[in-house]
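Trainee: My questions will all concern the structure given below.
The values are calculated or read from the model by the stated rules, or taken from the named source; none is laboratory data. Quantities reported herein were computed from a predicted structural model and do not represent experimental measurements. Here the Cβ is made from the backbone with ideal geometry for all residues, glycine too, and neighbour counts use every protein chain on show.
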């Protein structure tokens with residue numbers, strides 16, 4: 001058939017230190033794993049590109065999601081152990097959740113629900129003057 005794009009698979013390299021087969025154009029381990037898992041499924045050049053693109057986006061989203069979860073964990077720990085610093089850590093966690101929602105990593109209602117739960121716990125703390 002004329003006019004049909006020929007699929008060219010990216011070159012693969014065997015890394016000497018680990019023996020893993022990885023695509024040349026990929027740096028992150030998460031991207032490498034996703035790429036290698038789905039390369040057999042992708043038959044067209046655009047599908048292969050989409051696999052690479054999705055893996056890059058998933059790696060970026062994971063960073064944002066992990067940062068938000070870490071701040072939530074710190075805020076919860078501060079609520080129990082250090083109530084004086086709880087407000088600052090809760091506000092930081094709320095900001096991280098807002099950023100994650102703005103980037104589309106989590107749904108805006110998910111962010112609102114988590115912030116609401118944190119604020120509810122903060123409001124339940126005894127007032128100290």
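Trainee: Tell me which residues, restricted to the stretch 111-125, are surrounded by fewer than 18 Cβ atoms within 10 Å (Cβ to Cβ) and over 13 Å from residue 80 (Cβ atoms).
Mentor: 112, 113, 116, 117, 119, 120, 123 - these are the residues of the stretch 111-125 that are surrounded by fewer than 18 Cβ atoms within 10 Å (Cβ to Cβ) and over 13 Å from residue 80 (Cβ atoms).
Trainee: Then there is this: Restricting attention to the stretch 49-104, which residues are exposed (fewer than 14 other Cβ atoms within 10 Å of the Cβ), touching a residue at least 40 places away in the same chain (Cβ under 8 Å) and in a helix (DSSP H, G or I)?
Mentor: Within the stretch 49-104, 83, 84 meet the criteria.
Trainee: Quick check: is even one residue across the stretch 24-32 part of a helix (DSSP H, G or I), modelled with pLDDT under 90 and more than 15 Å from the chain's Cα centre (by Cα)?
Mentor: Within the stretch 24-32, one or more residues are part of a helix (DSSP H, G or I), modelled with pLDDT under 90 and more than 15 Å from the chain's Cα centre (by Cα).
Trainee: So, in the stretch 43-81, how many residues would count as being over 18 Å from the mean Cα position of the chain (by Cα) and under 18 Å from residue 104 (Cα atoms)?
Mentor: Counting residues in the stretch 43-81 that are over 18 Å from the mean Cα position of the chain (by Cα) and under 18 Å from residue 104 (Cα atoms) gives 0.
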